[in-house]
Amino acid sequence: MNVAGSCLPAHRVLPDGCMDILVCASRDGRASASVVGAMTGAFVSPVSDRSFMGIRFRPGEAHAFLDLRADDATDLVLTPHEAGAKALAELEGAVTPASLVDPRATFDHWLLSRLSRVRAADARVRHAVALVSHCQGRVKAAALAERVGVSDRQLERIFAERVGISPKVLARVVRLQSVVARVDSVVAPRIPWADLAARFGYADQAHLVREVRALTGVSPSELARERRVDLSARAD
């Protein structure tokens, strides 16, 4: 679970294959909850002076707690009514000015209250997601389906229902996240993009550039500059 501070600067949110439950609270304790679906591309979050609290589910795991198909939320931010999730309305009602002091306790209580109604996880999805993560996204959808023991089309249908994006898109997103993690760790002024392309299995540097731009909306160099500014701001 991630709990954001009282004021969020504008920043680029990258796709990671996860779904989130987000609660935005004003200073008087009024709250609004939403479901953030798995993303196929980045978006820029605007500046906000409200408090944000959130639960981030690993790919495929939100389905157990929410009464909706994951692909009904893909690239969307849904209200409780739009998501058909009465449980989110319950979460909104649990947020009070006092609860903002310890938001983790509020989320813990809500999650525990849902345990008796949790839907069973799909072992095939967990296995597939673990394989994609282990390979840092460098795995073909057909090979993934074979390892999991289902057909390509079966895996596509399962991912649509449980994850919200296809196995291929999840692999692309995970590979992007692997590249970004590496970029964040580079202290040299120049980033060796050609070396990173080879390391993470892109055909060449041009392929890496196309993928980064497709998934983030900016070039690798622009993304690296943005992240250095963000990381510096957080350090301060």
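The values are calculated or read from the model by the stated rules, or taken from the named source; none is laboratory data. Small disclaimer: the values here were computed from a predicted structure and weren't measured. Note: ideal-geometry Cβ built from the backbone for every residue, glycine included; neighbour counts use all protein chains shown.
Elements of the type strands (runs of 3 or more DSSP E) sitting completely within the stretch 22-117 and holding at least 3 residues that are modelled with pLDDT of 85 or more and not assigned by TED's automatic domain parsing to the domain that holds Val218: these cover 31-36, 51-57. Scanning the stretch 148-158 for residues that are farther than 24 Å from Asp67 by Cα, part of a helix (DSSP H, G or I) and either assigned by TED's automatic domain parsing to the domain that holds Cys18 or out of contact with any Lys or Arg (no Cβ under 8 Å at 6 or more places or on another chain) (or both) turns up at least one hit.
Checking Leu144, Leu78, Leu131 one by one, the residue that is farther than 24 Å from Glu211 by Cα and aliphatic (A, V, I, L, M) is Leu78 and no other. A search for C-beta distances below 8 Å between a residue of the stretch 153-175 that is of a type in the set (Ser, Thr, Tyr) and any residue that is in a helix (DSSP H, G or I) and buried (at least 22 other Cβ atoms within 10 Å of the Cβ), counting only pairs 6+ apart in sequence or on different chains, returns Ser166/Phe159. Against the conditions (1) touching a Phe, Trp or Tyr at 6+ places or on another chain (Cβ under 8 Å); (2) surrounded by fewer than 20 Cβ atoms within 10 Å (Cβ to Cβ), Arg190 satisfies every one except (1).
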